[in-house]
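These notes are about the structure you will find just below.
The values are calculated or read from the model by the stated rules, or taken from the named source; none is laboratory data. Note that the coordinates shown come from a computational prediction; the quantities given were computed from them, not determined experimentally. Every residue, glycine among them, receives a Cβ derived from its backbone with ideal geometry; neighbour counts consider all protein chains shown.
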Amino acid sequence: MTESTSRRPATIAVQIPTHWTPEQAFAVVELIDDLRDAIWQCYSVQLLDEYRDQFQHPAADRTDKDPHDPPF
């Protein structure tokens, strides 16, 4: 690791200017939408898998559950 990279913060805070015109804010939102669309085009299958893994109900992972047990 070089000295310049060792001084970089682990995260970067995103600060949104409060003086944008409505047109500037709209342009940024359009850019974000375009970026999201491009990412989905490239990674849709992987993203769907990740969404499933992230939001799957924990009880669905149980393989030792008796199928006759009530769901509560």
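Name the single residue that is modelled with the lowest pLDDT among those in segment 47-72 being surrounded by fewer than 10 Cβ atoms within 10 Å (Cβ to Cβ) and among the polar types (S, T, N, Q).
THR63
Looking at GLU23, GLU30 in this structure, which one is at pLDDT 95 or above, exposed (fewer than 10 other Cβ atoms within 10 Å of the Cβ) and either in contact with a Phe, Trp or Tyr (Cβ under 7 Å, 6 or more places away or on another chain) or not in a loop (DSSP other than H, G, I, E, B) (or both)?
Being at pLDDT 95 or above, exposed (fewer than 10 other Cβ atoms within 10 Å of the Cβ) and either in contact with a Phe, Trp or Tyr (Cβ under 7 Å, 6 or more places away or on another chain) or not in a loop (DSSP other than H, G, I, E, B) (or both) holds for just one of GLU23, GLU30, which is GLU23.
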